[in-house]
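Since the structure comes first, as structure tokens, the remarks are kept for the end.
We did not get these values from a lab; they are worked out from the coordinates using the rules stated. These numbers come from a predicted model, not from an experiment. When we count neighbours, we look across all protein chains shown, and the Cβ atoms used for this are built from the backbone with ideal geometry, even at glycine.
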Amino acid sequence: MAFGIGLIFFLSLEGNSNQEEIAAEEEGGEEVVEEGEGAGEGEGAAAGDFDPVAVYEANCASCHGANFEGGVGPNLITTELPPEEIAQVLAEGRGIMPGGLVPEEHIDAMATWITELE
Ligand code: HEC
């Protein structure tokens, strides 16, 4: 009797894991398609669709102000830092400012954009 219950339990586990495998395979198949599309979009972004204003509003304005005037962080219009050092701050963070908010491939463009703010 105990064996029978164990067997049923085992079979139902088997059934579940098979379902999961099938689900995983289906997900995997979709992912391949998505990756294909995503890769194309990614190339487009790298080729010039990067929008520093959108990144700023989403990730920076809370600390540096909606008009770059500063707040928790310093004013970005009057910053004296050269682009290389801004890039370093963006990549590694500084003080309470977290690094990694800007995707690595856009850090240089973001840094240059900041030096051109008026
Ligand atoms: C959590 C708040 C916070 C966020 C979010 C934040 N910063 Fe900062 N940022 C700071 C603080 C504070 C400093 C000053 C760090 C120090 O020198 O100790 C700083 C420094 C800087 C500096 C150097 C300025 C100078 O003159 O020294 C730049 C450039 C900068 N941030 C840009 C950005 C950008 C671009 C983003 C968005 C991707 C961002 N920050 C997001 C708080 C923040």
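Please work out how much length the chain gains when fully extended from residue 104 to residue 59, using 0.36 nm per residue of separation minus the C-alpha to C-alpha distance, in nm with one decimal.
Length gained between residue 104 and residue 59: 14.8 nm.
Please rank 97, 110, fewest neighbouring Cβ atoms within 10 Å first, as an exposure proxy.
Lowest count first: 97, 110.
Can you give me the C-alpha center-to-center distance between region 93-115 and region 53-75, rounded to a whole angstrom?
12 Å
Just subtract the alpha-carbon distance of residue 50 and residue 96 from 0.36 nm times their residue separation and send over the number in nm, one decimal.
14.0 nm
Under unit Cβ charges (Lys, Arg +1; Asp, Glu -1), what dipole magnitude, rounded to 20 debye, does region 50-118 have relative to its Cα centre?
Dipole about the Cα centre, nearest 20: 280 debye.
As a footprinting exposure proxy, order 79, 112 by other Cβ within 10 Å, with the fewest listed first.
Exposure proxy ranking, most exposed first: 112, 79.
Cut-off is 10 Å between beta-carbons; in what order do 50, 68 appear when sorted fewest neighbours first?
Exposure proxy ranking, most exposed first: 50, 68.
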